[in-house]
Amino acid sequence: MKQFLIFVKKEWLHIWRDRRTLFILIWMPIVQIILYGFALTNEVKNSNIAIFDQSRDEATIQISDEIAASRYFNLVKNVYSYKDIGATFRKGKIRMAIVFPKNFRYDLLHSNRAQIQLIADASDPNTANTLTNYASSIINDYQQAVNQNAELPYTINTQVRMLYNPELKGAYGFVPGVMALVLMLVCTMMTSIAIVKEKEMGTMEVILVSPLKPFRIIIAKAVPYLFVSLLNIISILLLSVYVLGVPIVGSIWLLMAESTLFTLTSLSLGILISNSAQTQQTAMFISMMSLFLPTLLFSGFLFPIENMPWPLQVISNVVPSKWYYIIVKNIMIKGLGFESVWQETTILIGMTAALLGISIYKFKIRLA
Amino acid sequence: MLKFLLQKELKQIFRDPGIIRVLFIMPMVQLLILPLAADYEIKNINLGVVDHDHTEYSRKLVNKIVASGYFRLKDYSPTFKQGLKAIELDKTDLILEIPAHFERDLVDENKSTLFVAVDAINGVKAGLGGAYVQQIIGDYNQDVRDQWIQTPRYDEQPTIDVVSSDWYNPNMNYRVFMVPGILVMLVTMIGSSFAANNIVREKEMGTIEQINVSPIKKYQFILGKLIPFWLLAISILTIGLIIARVIYGIVPLGSYFTIYAFASIYLIAILGLGLLLSTYAQTQQQSMLVSFFVTMIFNLLSGLYTPIESMPVWAQWVTKFNPVSYFIEVMRMVMLKGSGLADIGFQILAILGFAVFFNGWAILNYSKRTG
């Protein structure tokens with residue numbers, strides 16, 4: 001045990017005395033969380049629109065004003081022909097155009113029917129859909145205000161309640177994902193480089209002839225990084241609550257425990273990578289290529305997994321961040337307890353055990 | 001002089017089969033897999049129903065919602081509490097609660113209320129899901145009225161018809177949107193990371209000294225590094241465009257000439273950035289770490305995954321200094337909307353600026369002295 005502690009101390013000094021790397025390790029996650037936490041969102045707001053008003057009467061002006069005043073739209077241009085609309089779209093200036101036909105108000109009052117055309121730039125389908133829906137509901141509100149005294153027969157009212165995230169903020173879905181992404185990248189890269197570095201520098205030989213068992217050598221390598229990661233988790237959580245405005249609804253201790261578990265999974269993955277890499281560059285390349293894209297793709301925070309073809313859905317199951325993302329969502333945002341995440345937790349524990357087992361089995365006590 | 005340098009660089013690239021394999025096969029695989037995964041289309045919303053009414057009307061409503069194609073009925077609970085459980089377990093995304101006496105109230109009292117609760121963690125999905133459900137309920141409401149009120153139709157109410165049309169991508173196909181962007185990303189990653197590693201490699205191997213003592217001018221050296229990678233990146237772009245056309249059936253509305261014209265300038269800018277990084281880095285590790293960090297920021301703040309307008313103002317400013325965001329924008333404009341050279345004038349100017357800036361800096365910073 002004493003030997004083990006000495007090894008941990010040695011590793012700790014490695015980190016502590018390399019201030020530049022320590023600085024990067026502590027600050028990189030913070031910068032990334034802030035950058036991506038704020039910038040990665042698919043909330044639709046302030047979309048630029050143009051209005052083609054062929055009628056210019058009281059009603060169309062009022063509807064235009066209401067649309068322009070909402071926080072979803074930003075009126076940038078009045079256009080005067082369909083050709084103009086096409087040209088503005090091609091310049092990439094607007095996301096949607098609203099067309100009022102001639103004699104809008106006259107038709108509305110006299111024949112009781114008038115039409116508004118919404119032309120959306122559907123090259124981005126979701127934004128197009130969302131914008132069309134927002135505009136339609138503003139127009140509906142206007143119509144209801146006009147008809148307020150008349151009660152329609154057989155009316156079904158629908159009350160919609162948005163659970164967990166009433167303001168439909170983008171951050172609620174993205175922050176847990178960014179947490180998974182950042183923790184995964186930092187932890188895995190750190191450990192994989194730490195072990196390979198010893199190989200490259202030739203100091204591995206010294207460690208291998210020591211009386212310590214390979215199992216303990218690996219654990220001793222991982223312990224100091226676990227502490228650095230805990231520090232990272234705390235700073236990430238503080239940032240999400242106080243800077244990004246995403247509250248922790250559930251138990252913070254459970255969240256910390258699960259995050260530690262996920263860190264352990266990432267650290268063991270790093271150890272495994274370091275086993276098969278000979279140079280720091282290879283280790284880094286493997287961690288980047290095999291982690292960044294899969295984590296981004298398969299955690300489910302950017303792309304809905306249920307839309308993928310089934311082979312990809314199967315692949316997504318081996319990505320640890322997918323499970324961590326579910327856990328964080330359930331605890332942090334839905335406020336659920338352990339009974340809702342025990343399956344995901346078991347999977348992460350299983351993955352960690354498997355990764356560690358393989359690395360210990362493959363750990364070479366002889367130099368090539 | 002330049003001719004010999006080019007000869008050397010091209011030989012170096014083509015005699016390393018590993019590089020060629022990575023250069024050509026990796027982008028191909030990614031272009032085939034990524035668009036399959038990157039599908040944000042809101043469909044398959046999992047529906048849970050809590051029906052306290054159990055009448056013909058409530059069943060008709062549920063059938064109508066399921067028949068719309070957006071929803072999949074996943075859960076049928078006797079109480080709201082149990083329905084909520086299904087949302088907590090991620091089994092459903094949306095609960096429709098039909099109160100007791102729904103049908104009776106509607107027919108006898110002319111009025112009835114439905115409750116909808118949506119899992120709103122994914123705001124966009126929740127917003128669209130809620131809107132779809134309301135639309136369908138509105139249609140259903142219309143059916144009920146049509147059934148009870150015979151001619152003359154109640155037309156005393158002024159009604160505004162909202163007609164929406166979706167231009168440029170009427171089938172709302174996400175691949176059409178993602179493939180051009182992903183192609184840009186791949187060309188950028190390959191171009192910049194290989195260029196970034198190249199000079200550093202000469203430094204590490206010590207061969208840079210031979211170049212330093214030769215009569216090669218600085219700009220010749222940079223050009224000699226730039227042109228081979230430019231040719232490589234252009235051929236990757238070509239292969240990507242062929243894949244987009246043959247496999248995904250994406251035929252650009254605009255001209256290929258516009259795409260290549262912009263790409264030529266863009267690549268000079270991106271390769272210049274790579275070379276610039278490599279004049280600063282001493283080891284391949286440093287250059288990889290920095291180029292990884294830069295690529296990640298370029299990647300996530302490019303508008304490829306999330307719309308730039310949704311970002312806060314300061315992040316939108318960051319994207320203005322991100323050459324990738326210009327190319328992605330241009331690629332989508334030309335391929336989907338048929339924009340021409342005149343429409344992308346601003347983007348061309350911006351990217352020209354980047355090209356001059358990065359390459360000028362790289363040439364200035366490349367020093368023939370070591371140490």
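The values are calculated or read from the model by the stated rules, or taken from the named source; none is laboratory data. Just so you know, these numbers come straight off a predicted model, no measurement behind them. As a convention, Cβ positions derive from the backbone with ideal geometry for all residues, glycine included, and neighbour counts pool all protein chains shown. Remember, those area values only see protein heavy atoms, side chains included, never the ligands or the DNA or RNA. Shrake-Rupley method; radii C 1.70, N 1.55, O 1.52, S 1.80 Å.
Observations, loosely collected:
- Residue count, the stretch A:350-363 (criterion: out of contact with any helix residue (DSSP H, G or I) (no Cβ under 7 Å at 6 or more places or on another chain) and among the hydrophobic types (A, V, I, L, M, F, W, C)): 2
- At least 1 residues being without any contact (Cβ under 8 Å) to a residue 24 or more places away in the chain is the threshold, and among the helices (runs of 4 or more DSSP H) wholly inside the stretch A:249-368 those reaching it are A:252-276, A:280-298, A:310-316, A:342-362.
- Any hit, the stretch B:193-206, residues being more than 20 Å from residue B:276 (Cβ to Cβ) and surrounded by fewer than 20 Cβ atoms within 10 Å (Cβ to Cβ): yes
- Here the condition is being within 19 Å of the chain's Cα centre (by Cα) and within 9 Å of chain B (Cβ to nearest Cβ); of A:303, A:262, it holds for A:303 alone.
- Residues satisfying the stated conditions in the stretch B:173-229, i.e. assigned to a helix (DSSP H, G or I), over 28 Å from the mean Cα position of the chain (by Cα) and polar (S, T, N, Q): B:198, B:210, B:212, B:220
- Given (1) within 11 Å of chain A (Cβ to nearest Cβ); (2) closer than 23 Å to residue B:331 by Cβ; (3) not hydroxyl-bearing (Ser, Thr, Tyr), index of the condition residue B:288 fails: (2)
- Test for residue B:357: is it surrounded by 19 or more Cβ atoms within 10 Å (Cβ to Cβ), aromatic (Phe, Trp, Tyr) and part of a helix (DSSP H, G or I): no
- Evaluation of residue A:224 against the conditions (1) modelled with pLDDT under 85; (2) more than 21 Å from the chain's Cα centre (by Cα) shows that the sole unmet condition is (1).
- Applying the criterion of at least 3 residues that are away from chain A (no Cβ under 12 Å) and touching a residue at least 40 places away in the same chain (Cβ under 8 Å) to the strands (runs of 3 or more DSSP E) found wholly in the stretch B:40-159 leaves B:45-51.
- Test: residue in the stretch A:146-165 that is facing chain B (nearest Cβ under 7 Å), within 14 Å of residue B:117 (Cα to Cα), at pLDDT 80 or above and outside any strand (DSSP E or B): yes
- If you filter the stretch A:322-342 down to residues that are within 19 Å of the chain's Cα centre (by Cα) and of a type in the set (Phe, Trp, Tyr), you find that the one that is farthest from the other protein chains (Cβ to nearest Cβ) is A:324.
- Residue that is in contact with a Pro (Cβ under 9 Å, 6 or more places away or on another chain) and open to solvent by less than 40 Å² (accessible area, probe 1.4 Å), where the choices are A:165, A:133, A:147: A:147
- Only a single item in (1) at the interface with another protein chain (Cβ under 8 Å from one of its Cβ atoms); (2) over 14 Å from the mean Cα position of the chain (by Cα); (3) within 21 Å of residue B:347 (Cα to Cα) is not met by residue B:307, and it is number (2).
- Of all residues in the stretch A:307-335 being over 22 Å from residue A:169 (Cβ atoms) and of a type outside the set (A, V, I, L, M, F, W, C), the one that is least open to solvent (accessible area, probe 1.4 Å): A:316
- When A:132, A:158 are checked against the criterion of being without any contact (Cβ under 8 Å) to a residue 12 or more places away in the chain and in contact with a strand residue (DSSP E or B) (Cβ under 9 Å, 6 or more places away or on another chain), A:158 stands alone in meeting it.
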